[in-house]
Amino acid sequence: METVLAFVIGILFAVGIYLMMRRSLVKLIIGLGVLGHAANLLIFTVGRLTRGEPPLIGKHEEVLSGTFADPLPQALILTAIVIGFGVQVFAAVLIKSAYRIVGTDDLDEMKSTDETQP
Amino acid sequence: MLYAVVSGFGAALVAPLIHQSVRRWSGWLLVLLPLALFGYFASHMEQISDGEKIAFAYTWVPSLDVELAFMLDGLSLLFVLLVSGIGALIVLYGSAYLADHPQLGRFYAYLLMFMASMLGVALADNLITLFIFWELTSISSYLLIAFKHDYESSREAAKKALIVTGAGGLALLAGLILVGIEADTWTISELASRKDVIQEGGLYLPALLLILVGCFAKSAQFPFHFWLPYAMEAPTPVSAYLHSATMVKAGVYLLARLHPSLGGTDEWHAIVTGVGGLTMLIAGFIAWQHTDLKKILAYTTISALGILVFLLGIGTGLAVKGAMIFLLVHSLYKGALFMVAGSIDHETGTRDIAQLGDLAKSMPFTAVGAGLAALSMAGLPPLLGFIGKEIIYEATQEAHDLLPLVLTAAALLANIFNVAAAAMVTLKPFTGQAAHTPKHPHEAPLAMWIGPVVLGGFTLAFGVASNLLLKDFFAQTVAAVYGKPYEVKLGLWHGLNTTLVLSVVTLVAGGLLYAYLRQILPIVKPLNVGEKLGPDRLYDIGFEGILDFASLTERFFQNGHLRYYLMTIIFTLSSLLILTMTTQIDFDSIQLNVDDVLLHEYLLAGLMIAAAITITMTSSRLMAVAALGVVGYSVALLYVFYGAPDLAMTQFSIETLSVVVLVLVLYRLPKFKDFSTPRSRARDGIIAVMFGGLVTTLILIITSEPLQSRLSPYFAENSYVLAKGHNVVNVILVDFRGFDTMGEITVLGVAAIGIFALLKLRPSSRKEE
């Protein structure tokens, strides 16, 4: 499965980067989101995939035994998901305010913070 | 002796407070410190004259061999007496000169800080300690030049002085360290005994060159001389003290101090004599072409410093004696003349000698001081200047190893310029016809005329009774510089010889130059190419070049286009990745293993790819957001399949929230638009696909290697034992890496505050501002 995911992640990275290089603000936010998914999956895959064995210690046991999914990448990704959400929402609101004030969503047109004449 | 040095810094701290509390009398109160220091050092005069040396050392940084080591010998005593003595007169003078200035307290603070630093330079017996005090003098000089900081010209002048002397200081530090390494000691008084080791070592030439750059920059030698005339932007008391009598002599001091250990080689003779000679001629030549009193004095100061360096370069016993006597001569007369120039400026409102005349009647005391100083400057008997000039001529004629004829001619020319300049700064303002000045001239207050008169008096007394007052002391001073004992005889009458003839020629030629100045000036004007081609211009060009380079790189890298930043990042990252891959990785070991993939996993992967491609193709915002949601939910499903239930739950809820927020926000934004041209889309597409391919390759390489993790087993074993938690992922987040989670919560909190503020921001509220 790692091999398949390697290609999926590559495509997600390509899409994310491509969208972020567009001049439209909306595409920038969506690209940011795609890039976030790609990065999370990258960490997940590189930490190796284990089917159906969550890292939970049984009721009467003291240590994890047998095969189990690696808990470390999961902890990293959990943090990344939440932070990524924060960034995305902040960016979305920022862009909305910027659009309201500057009157364009073309990044190349956003050269000053002055309001446009109505 | 440490207290003697530190007291100045301490006084600098409290000087503004003292000034605030006693106001009018602060000058008379603060002058007590330099006076006390002068007395303290003068009380050692007899001991030093007997050939004793007084040394003190305090441990400072023992691991680096840096000591607060101080030593008082003939050379340092001469310097500390000049620094504290003239310092006392300048404090008084400044108190009257700047009496109405609101920042007078700060002026005292800087001045006392400078005095303490200068005492440190003269007394230091450790190379590093010396350097630290050396830099402190540069900094206090900077503060004093920029004292009138609301004028741009002052700030520029201060910056120029700081950059030139600071750059020289760096060279000096490097040179001193090289000397220290070669000699294997940081104590200056031990260097002389290791002269052979230093001079035969391979580091001698670089060390000498670096130290010379430092000394030349500090003492305004060609080609670093150009900062000194600008430094005249400082209030005149500062010019008198720092930029003629004391600080600029620090370079000369260091040359003299290191002469026994570094001097006497061919390189020393060639460079030091050459640069000094060039400086004294160029600056002397420029001096009498100006009409601003301070400019004339500034250039004659550079010229005099050139003479000192020139003599130290020759380095014979006689030349060293000449240098030390002339150093005293110059400090006395130039300090006095600068104070006179300041008084004239203060009382008449102008410093242009063309607008001045017949001030002797209205300013009699100042005129007496000026007259004595100028006579000494011109080298007339019975003043000390005459003795100084005679010794200089004797020394140049006697320098058989070098080129006595050339040296004597150069010294003669420099002294002729000096005589003319001396006549200009005193004869013109004080005699002749009265001229109309901006202010009605009257005598300066006592605090201002006492300085020139005292210094003039010393010049006269030393001249008349030179042998009695100076002989024993200067024998020690010269010995400290020369490196071995040297018998000093001083006197006005040396018999009827070539030297006397040269003195007469100097006076006559200088007098003629002054008398026919108006006819000569137009002839020499075309010779002044320095303004267009000189080092000052080079400095300006270099400075502009640095700024241009900075704005060029800024425009290139900070171009304001997000996609170019991204491209730069991607390009750098890709280059590094490709470089590592091609050199370190065996591509044959990559395994493409798809045997264990189940059907629904293929479907999920296909769904993600299809959704991702839809995002790039669609022209509808809602479609793009929905497709993004599909990618997110697919990722969450993948987490479900591969044993990460926590991730899956988080991802499901976050994804739902994201889609809701995006739809709400995007609803207000304009439709998806294609701003870019097909060409730039193709370019970005190629870049993106290449980067994606690189990431794929990277993952394949990594997953083909066996995974080695020491952390995961640790967490598996200790989550319950140490943290009593069954869910290992949760234990890592809230316990093992609890601080990270706290940081994460903080980030979210900040983001929430930011979002709230952005939503509250109304365009109308901006208009009210």
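Annotations
- For segment A:1-36, no residue has its backbone nitrogen under 11 Å from a point 7 Å from the Cα of B:Leu711, taken along Cα to Cβ.
- Phi-derived couplings, Karplus 6.51 cos²θ - 1.76 cosθ + 1.60 at θ = phi - 60°, listed residue by residue for segment B:709-723: 10, 9, 6, 4, x, 4, 4, 4, 7, 9, 4, 7, 4, 8, 10 Hz, with x used for Gly and Pro.
- Cβ crowding within 10 Å, taken as a proxy for footprinting-reagent exposure, orders B:Glu394, B:Glu655, B:Glu156 from fewest neighbours to most as B:Glu156, B:Glu394, B:Glu655.
- Sites B:Leu622 and B:Leu759 - FRET efficiency at Förster radius 30 Å, r taken between beta-carbons, to 0.05: 0.85
- Length released on extending from B:Val464 to B:Ala434, taking residue separation times 0.36 nm less the Cα-Cα span: 7.5 nm
- Ellipsoid semi-axes for the protein assembly as shown, based on the Cα gyration tensor and the rule √(5λ), read 78, 32, 27 Å when sorted largest first.
- For segment B:265-527, the calculated P(r), taken from all Cα-Cα distances in 10 Å bins from zero up to the bin holding the longest distance, is 8, 31, 35, 20, 7, 1 percent.
- Test item: B:720-729 mean partner chain Cβ contacts at 10 Å: 5
- The peptide list A:61-67, B:682-688, put in order of mean Cβ contacts within 10 Å with the highest first, becomes B:682-688, A:61-67.
- Sites excluded, chymotrypsin sites (Phe, Trp or Tyr not before Pro) in DSSP loops with at most 12 other C-beta within 10 Å, longest stretch of chain B: B:152-492
- Shape category assigned to segment B:654-748 from the gyration tensor of Cα positions, a/c cut at 1.5: oblate
- Between B:Tyr602 and B:Val501, the simple label model (points 7 Å from Cα in the Cβ direction) yields a spacing of 11.5 nm.
- Added length on full extension, which subtracts the Cα-Cα distance from 0.36 nm per residue, B:Asp401 to B:Arg24: 129.9 nm
- Principal axes of segment B:372-474: Cα extent on each, largest first, Å: 56, 31, 17
- Prolate/oblate/rounded call for segment B:484-608, Cα gyration tensor, a/c under 1.5 rounded: prolate
- Approximate spin-label separation B:Leu209-B:Asp735, in nm, with each point projected 7 Å along Cα-to-Cβ: 6.6 nm
- Cα gyration tensor category, rounded, prolate or oblate, for chain B with a/c compared to 1.5: prolate
- About its Cα centre, the dipole of segment B:67-214 is roughly 480 debye, where the only charges are +1 on Lys and Arg Cβ and -1 on Asp and Glu Cβ.
- Principal axis analysis of the Cα atoms in segment B:264-355 yields extents of 51, 23, 12 Å, listed in decreasing size.
- Charged neighbours of B:Ala183, selected by a Cβ distance under 15 Å, balance to -4 (K, R count +1; D, E count -1).
- Reported value for segment B:561-716: 179 Å³ per residue, from the convex hull of its C-alpha atoms.
- Note on A:30-37: average number of Cβ atoms from other chains within 10 Å of each residue's Cβ is 6.
- Estimated inter-spin distance, B:Leu170 and B:Leu657, nm [label 7 Å along Cα→Cβ]: 5.1 nm
- Dipole-positive endmost among B:Asn593, B:Leu579, B:Met617 within segment B:561-716 (Cβ charges, Cα centre): B:Met617
- For the listed residue pairs B:Lys361/B:Lys525; B:Lys160/B:Lys484; B:Lys218/B:Lys321; B:Lys160/B:Lys389; B:Lys321/B:Lys428, the alpha carbons are over 28 angstrom apart in B:Lys361/B:Lys525; B:Lys160/B:Lys484; B:Lys160/B:Lys389; B:Lys321/B:Lys428.
Each value in this text was obtained by applying a stated rule to the coordinates, not by laboratory testing. Fair warning: this is a prediction, and the values are worked out from it, not measured in the lab. Cβ coordinates were reconstructed from backbone atoms using ideal geometry, including for glycine residues, and neighbour counts include every protein chain displayed.
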